[in-house]
Structure formats: C-alpha cells, structure tokens
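Values quoted throughout were computed directly from the atomic coordinates according to the rules given, and no laboratory measurement underlies them. Just so it is clear, the model here is predicted, and its values are computed rather than measured. Note: ideal-geometry Cβ built from the backbone for every residue, glycine included; neighbour counts use all protein chains shown.
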Amino acid sequence: MRFEPARALRGEVVAPPDKSISHRAALLGAMSAQPVRITNYLHAADTTSTLNALRAIGAVIEVDCDEVVVRGAGLRGAREPDGAIDVGNAGTLMRLLPGWLAAQEGKDFELDGDASIRGRPVDRIAAPLRLMGASIEATDDRYPPFVVRGTSLQAIDYVLPVASAQVKSCVLLAGLLAEGTTRVTEPAPSRDHTERILAGAGVAIRRSGCDVSVTPVDELGGLDIVVPGDLSSAAFHIAAGVLVPDSQLVVCNAGVNWTRTGFLRILQRMGAIIIGDVEPLPEAGPGPDPCTGAVTAVEPVSDLDVTAGPLQATTVEPDEVALAIDELPLVALLGCFAEGETAVRGAGELRVKESDRIAGVVDGLRGLGAEIEATADGFVVSGTGGLRGGVIDARGDHRMAMLGAVAGLASREGVEVVGIEAAAVSYPGFAEDLARLA
C-alpha cells in the first residue's frame, strides 16, 4: 500500500482496544472459576490466538462484538490439550501462559507458533520457572516449540536481568499457585497491567519501588474488565500528527497508565504539544506514592489533543526504554525531522521482537533517505529536516508496517509499504483510520 504526503491531519480517532490488556484479561479469565466479562476486547490476529489457545485448555469463551465472556476452569483446572497449543505470532501469550501452566501438576503442554515465534527466545521465562521447580524443555534450550510439564511450585525472590513486563507477569502468575511469597525485582519499572488486573480480582499484590510481591490464592475473584484504548497503537497517529505540519488531532479513549506513557514524555521533551489527563509519574503525583503498598486496579483513560510543532533531538536513556519499548521505532522517525542528533540506548530488547527492530528501523528509514546508524542496543539519527520517501519492507512486523505508513505521510515523495497487512496483528483498521485523518 502506498502512503502519499499529507498536507495536514485533522479530526478525531478512537484508540483501538489495548492489545496487552486484552491478552491479560482473557488469560486471567481462563484462570478464574467465575465468569469474567471483558468489554472493548481487541479483535486482532494476536488476541484471537489467545482466545483459541485458552479454548484448547478448557476455557469456554463467548464472543459478541466487542464483548467477550470467559468461563474458566479455575487456577488448577487447565485441561491437557490434544496437541500443541498454537500461539500464532503472540509473544505476550507465549511468555505469560507458561506461568499458569507450570503449576498444573501432572499435565503436559506444548507451545508452538509461526515462523517468527520460533525465533523468539523463551529462556528468560524458563529460568525463573525452573527455579520455582517447573519443568521446561525448549528447542536448543531457548526457542519454541517447548514443553511445560506441570509440577508443584515454590516461591522465589527473582531479580530480572532486564526490565520486562512479560517475564514479570509470568513469574507473578506462577506465584499465585506457588508455596510462599513470590517477589520480582526489576532494574526499572515496566508495564503493570497484570498487577492491576490481579488487584481487581482480589489478589493481595503489593509493590515497593521496583519490587512486586504476590502470595498464593485458592481462587481468583470474579471481575468485569473494560479494556482502554491502546496507546502503543495510537502512538502512530500521534507521531503523524506531530510530524505533518498544521495538524490538529484528538486521540480518544487512550489508556494513560503511567507505565505506558513513556513515549508521550519523550515527545514532549522533543517539543511536541500533547494535552490530556495523563496519570502522573509516582514521584510527581499528589497523595501517597502509587509505587508503594497495595496496587491500584484502575486503568486511567483520557482524550489526547495533539498539535504539530518544531522538534528538538533527544536521547532516550536505558531506564526509559521499558516504558516506551513498542514506540521506540517512532523515536527514530521523529529524529529524522528533529534538529540535532537523536539517540536510543539500552534497547537491545528490540532485536528479539517480531523482527530485529533495530536492523529493520535502520535499514528501512535509511532507504527513505534518513541518516541513521545502528548500535548494539539502539540507534543514532541525525536530523535532516525530513525524509525523501521510497519503499519500506515491514518484514512481517506490525510496528514496522505502521511506521512506514506514518513516514509516507510526513515524507516529500510518499512511501510504499510492502507487507502493510502485518498491521492487522494489533490494529486491523489502522490504514483506514489514518486515511480518514489525512
């Protein structure tokens, strides 16, 4: 699909349902003995893989438009499937589900997926689960397909080598069924959606700085979950509104949990004007520190007003990466239009996403006229005031497909995106929404 230069972007766009929260809501529903109603569930390739995987292990799931009702078998009632559980391209599912399955004593579960998933490592979840007593057998001890053999688990204190919401969530889910108190320590904060949903289900989960602890429960309480808009998907519209001159956008119903708004803080530092009722950072918030004590179950939402403006270069430091990991390719694109040199450091995690996003971003933007260089754990971009345009290959990666589309609107000559269909993994209506704004 070809995306031509735009004169201005105007209007409103509703952020699509949050992919991360949709995955987690369905999974927690399958772990509950009571029906869980999920409103505004994302219907995309990845989240459909989650529903199908949960059906394979015993959950009964009803879908009615954007409402999903999950009737699970309880914490210890997962059914051993007839064959391998197909996770498709869903990395979140692949890394969270084993935390639950590892405690299903006497049952075996094989997880497999598409070609992209088979290249994504699972050793970072296998390591803590094995410390808890789990049995994990992976291909080359690192990759899917892999087998989880349910056993009795023991609580651990685990220090994550890299901040990761997926690994943290996997260990916390296992901790619900382990003997003792499980504690996870991160080097920097990461998304806390799992913690918030667990708090809403009545789990005694507590946070102190970058430590999160959970104690075992007999069952999860019943809960209804309303999925907010996905800020990671809406970020592509926001970036387009910042880059295309004379644009004025409103992004509606965006989730503004402080662990998801790292990209907005980077944008504002670069000079973008974004107005909304965003959840404050813990150190900036009024009242008790939300990073200490019982975890809140609330997922805040807000409309965001976006206005284009001149951009200044910035440096994204390692301690910012986890809170903006999915939006870092957009930082590279913004850096092409900013004055000065923009750098991202400490983002080696980008190399093991749906594609090697460091290589993909650098090669893709360079082909459009960018002055950009890769580093071992990020990239450096010299702002030239814009991009020429050309052709970019999405490499089967939904974020790369959407990046190419935004680049086309902001470029001088337009961009052809090869593989735009990859955007449907997380945002099936992306191209149509972007076209309406343009």
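Applying 1/(1 + (r/R0)^6) with R0 = 35 Å to the Cβ-Cβ distance of residue 376 and residue 421 gives a FRET efficiency near 0.65. Annotation: the residues 7, 207, sorted from fewest to most other C-beta atoms within 10 Å of their own C-beta, follow the order 7, 207. Considering only alpha-carbon pairs that sit under 8 angstrom and 6 or more positions apart, the relative contact order computed for the range 353-424 is 28 percent.
Around residue 149, with a cut-off of 13 angstrom between Cβ atoms, what is the net charge of the other residues, counting Lys and Arg +1 and Asp and Glu -1? Surrounding charge for residue 149 is -3.
Report the gain in length on full extension from residue 143 to residue 52: 0.36 nm times residue separation, minus Cα-Cα distance, nm rounded to one decimal.
30.6 nm
Between residue 179 and residue 363, the simple spin-label model (points 7 angstrom out along Cα→Cβ) gives 5.1 nm. If only the Cβ of Lys and Arg carry +1 and only the Cβ of Asp and Glu carry -1, the dipole of the range 19-226 around its Cα centre is close to 420 debye.
When the dipole is taken about the Cα centre of the chain, and only Lys, Arg (+1) and Asp, Glu (-1) are charged at their Cβ, what size is it in debye, to the nearest 20? Spell out each step's value before the answer.
On the way: 37 positive and 59 negative charges, 40 e Å.
In debye, rounded to 20, the chain gives about 200.
Cβ crowding within 10 Å ranks 233, 355 as 355, 233, fewest other Cβ atoms first. Identify which of 19, 168, 107 has the largest mean-square fluctuation in a Gaussian network model of the chain, with springs joining Cα atoms closer than 10 Å. The residue that fluctuates most here is 107.
Within the set (i) 46; (ii) 26; (iii) 39, the number that percent of Cα pairs over 35 Å apart takes when calculated for this structure is listed as (ii). Estimated at 0.36 nm per residue, the fully extended path between residue 312 and residue 246 surpasses their Cα-Cα distance by 22.0 nm.
Springs join every pair of Cα atoms under 10 Å in this Gaussian network model of the chain, and among 217, 167, 361 the largest mean-square fluctuation is at 217.
By DSSP, what percent of the beta bridges with both residues in the range 86-229 are antiparallel, rounded to the nearest 5? Could the numbers behind the result be given before it?
Values: 17 of 22 bridges.
Approximately 75 percent, going by the DSSP bridge assignments.
For the residues 263, 337, what sequence is obtained by ranking on other C-beta atoms within 10 Å, fewest first? Kindly include the intermediate steps, with their values, before the conclusion.
Values: 263 26, 337 22.
Ranked by crowding around the Cβ, least crowded first: 337, 263.
Applying 1/(1 + (r/R0)^6) with r as the Cβ-Cβ distance of residue 351 and residue 80 and R0 = 22 angstrom yields a FRET efficiency of 0.05. With springs only between Cα atoms under 10 Å apart, run a GNM on the chain and tell me which of 329, 128, 245 wobbles the most. It is 245. The stretch between residue 10 and residue 157 holds 47.9 nm of extra length on full extension. This uses 0.36 nm per residue minus the Cα-Cα distance. Model label sites at residue 66 and residue 296, defined 7 Å from Cα along the beta-carbon direction, differ in position by 2.3 nm.
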